[in-house]
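Novice: Pasting in a structure now, in structure tokens, and then I'll have a few things to ask.
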Amino acid sequence: MRMSRWPFSRRSDFLREQPSTDSRPRSLIGLVAAFALSSGALSADAQAQTAAEWTTAGGTSQGTRYSKLAEITPANVGSLVEEFSYPTGTKGSHQGSPLVVGSVMYVVTPFPNKLIALDLTRPGMALWTFDPRPAGFARGLTCCDIVNRGAAYAKGLVVYTLLDGNVVAVDAKTGKQVWRKKVADPWTGETLNTAPIIVRDKVIFGSSGSEMGIRGSVRALDLATGALVWQAYSTGPDAEVKIDSSFHPFYAKDQGVDRGATTWPGSLWRNGGASSWTWVTYDPALDLIFYGTSQPGTFNPDMRPGENKWAATIFARKPETGQAAWAYQTVPHDNWDYDATSENTVVDLTIGGVKRQVIVNFHKNGFNYILDRATGELVSAKPFANLNWATGVSLTTGLPSVVAAKRTHEGVATNDICPSAFGAKDWEYSTYSPKTKLFYFGAMNLCMNYEALKVNFIASTPIVGASLAMYPGPGGNMGEFVAFDPVAGKRAWTIAEPLPVFGGALSTASGVGFYGTLDRKFKAVDAKTGQLLLSKDLECGVASAPITFSGPDGKQRVAITTGLGFINGGFAGGPCPAGAVFGEDSVAPASPSGRAAIEFGATAAPAAPSTATSGYVHVYKLP
């Protein structure tokens, strides 16, 4: 969930728009280095850091977003200068990180989902732009803004999803489309905006639309052809969830036959949401992928008695077949829109004197889940944020101890629930530094009042069924940048931010952390102490995660994209650039108090109007 109202529309002129594949590449200056992501039996530690290139959203397939590059240090990061900036030509929330392969940077825009190739040997110059021209009507059939979370690269192809339900593979050298595969139908409420992950010859990704009453799933396509290899649903009978005799959930609460159907009333599992709209990570040692699912369709829990499996669940699957190895439902019978869609970072941690192979998930509900990635056993579940909906999570049963007074019901206002439906942390990527042994991430400090409402299902329209009022939590600040010790289960340090931090994080071997803010700042901090080392002014706020790479001269660079849409921009006075389009309407600049200030009780003063007419990618280097 993102907001309690969306501007949905359908217009005949959108229906007349037809997808096309006109890439029209310009002349190519320079070559793209082609290489395949390794998928062999390397340990997680061996692949847990990036170097000169950045080929997937998480930096590594394990999702660590940690780089071994160390030229930019705490001592010199304050002297960074902008090498170049490039306008994407697109308004809206830029949530995807760029990729860098060889001397080329690739940037995917929000709708209309163009792919821009930038020649790093000629800073600020484009090689080509691929325009997939997705169907315009999809803009009015998506829940939560017309975003895209980026691409993945392997074997000479840049692969990414389109809002209208297509996946495209583009030749990284020429900018020409290699294949295009239609997998989802926006008229059912299912759209695509997530970044895929590539494991060997499989392109693996989820979809969006739980708020529209879809039936969530994860798919794998063949990298060479785009053919569908497998699809694993999140709800329904075991065969369709790809659960068989090899499925071994650790806890009794997740065991049994056809739980994806029998834990729902009637056939409501067919509209049970549980989409996987964020990140997939991969452990090459165990050959397992990990991802989470969203809330169970309607926000009204009284309409769906039962545990509602497999919503709000973390899955482990075999990438070749999609068969489930284990599952752990974090929030049975979700009452609060507490998705389990945060990234599951693959790391090894020494806990209680024992080195454990784990995944780490900073959940929307405020608990830091550490799970054995081979078995799904819960190793730890300590709070990382202000929360009051539960008093803890049992390591014996795997169940949360829910505070009865915080359960929500139809027609009843339940007040002062923390965290809010935006989560203590949402989809924004964290980073893990093996040097400091800390995680770093942007967080939200919001609580809410919640009233569930009766709702009817109509295809491709919201099935939310809740009225939500959100407001700042303790301290009055709405956001934080956090350094968290997963073994100790506590924060190492915290930077209070006036607005929610909707962008991801990056850490490097030299001990520098990077992140951006809604109030138009790009920041660098000392990873050990949290001391602010750099703050660069931007034309718009940040809803993406920074990357680092080596330029053609072998020197380290850092890059970040800017641009806010309806939801994250609402906290900062409106979309930036102004005039972004969602559905059929062009939106004028928001009132001085801002959309979020009115609907969510935000208190921060809005930034001065921006003159930007496009989102941007900014690249910084040492002088």
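The values are calculated or read from the model by the stated rules, or taken from the named source; none is laboratory data. Computed from a prediction, not measured in an experiment: that's the story for all the values here. Every residue, glycine as well, gets a Cβ built from its backbone with ideal geometry; the counts of neighbours run over all protein chains shown. Heavy atoms of the whole protein, side chains included, go into the accessibility calculation; ligands, DNA and RNA do not. Shrake-Rupley method; radii C 1.70, N 1.55, O 1.52, S 1.80 Å.
Novice: Specify whether the C-alpha gyration tensor of the stretch 185-302 places it in the rounded, prolate or oblate class, a ≥ b ≥ c being the square roots of the eigenvalues: rounded for a/c under 1.5, otherwise prolate if a/b is larger than b/c and oblate if not.
Specialist: oblate
Novice: Sort the following peptides by mean Cβ neighbour count (other Cβ atoms within 10 Å, averaged over residues), highest first: 133-139, 514-520.
Specialist: For the peptides 133-139, 514-520, the packing ranking is 514-520, 133-139.
Novice: Give the carbon-plus-sulfur fraction of the accessible surface of the chain in %, rounded to a whole number; probe 1.4 Å, heavy atoms of protein chains only.
Specialist: Carbon plus sulfur share of accessible area: 53 percent.
Novice: Keeping all protein chains in place, calculate the accessible area per residue for the chain (probe 1.4 angstrom), answer in Å².
Specialist: 31 Å²
Novice: Right, something else. Per 0.36 nm of contour for each residue apart, how much would the distance between V403 and M125 grow if the chain were fully extended, relative to their Cα-Cα spacing?
Specialist: 94.5 nm
Novice: Going down the list K253/K454; K91/K523; K68/K528; K355/K437, which pairs span over 20 Å between their C-alpha atoms?
Specialist: K253/K454; K91/K523
Novice: Students often forget the sequence filter, so: which aspartates and glutamates lie under 14 Å Cα-Cα from K173 once same-chain residues fewer than 8 apart are removed?
Specialist: Straight-line reach from K173, under 14 Å: D119.
Novice: I need the shape label for the stretch 481-578. Rule: rounded when a/c is under 1.5, else prolate if a/b > b/c, else oblate, with a, b, c from the alpha carbon gyration tensor.
Specialist: Taking the square roots of the gyration eigenvalues as a ≥ b ≥ c, the stretch 481-578 is oblate.
Novice: Nearest-5 percent of antiparallel DSSP beta bridges in the chain?
Specialist: 95 percent
Novice: Pull out a ≥ b ≥ c, the square roots of the eigenvalues of the alpha-carbon gyration tensor of the chain, then state rounded if a/c is under 1.5, prolate if not and a/b is larger than b/c, and oblate in the remaining case.
Specialist: Rounded, since a/c falls under 1.5.
Novice: Shifting gears a bit: Mind ranking 396-404, 173-181, 367-375, 497-505 by how tightly packed they are, going by the mean number of other C-beta atoms within 10 angstrom, highest first?
Specialist: 497-505, 367-375, 173-181, 396-404
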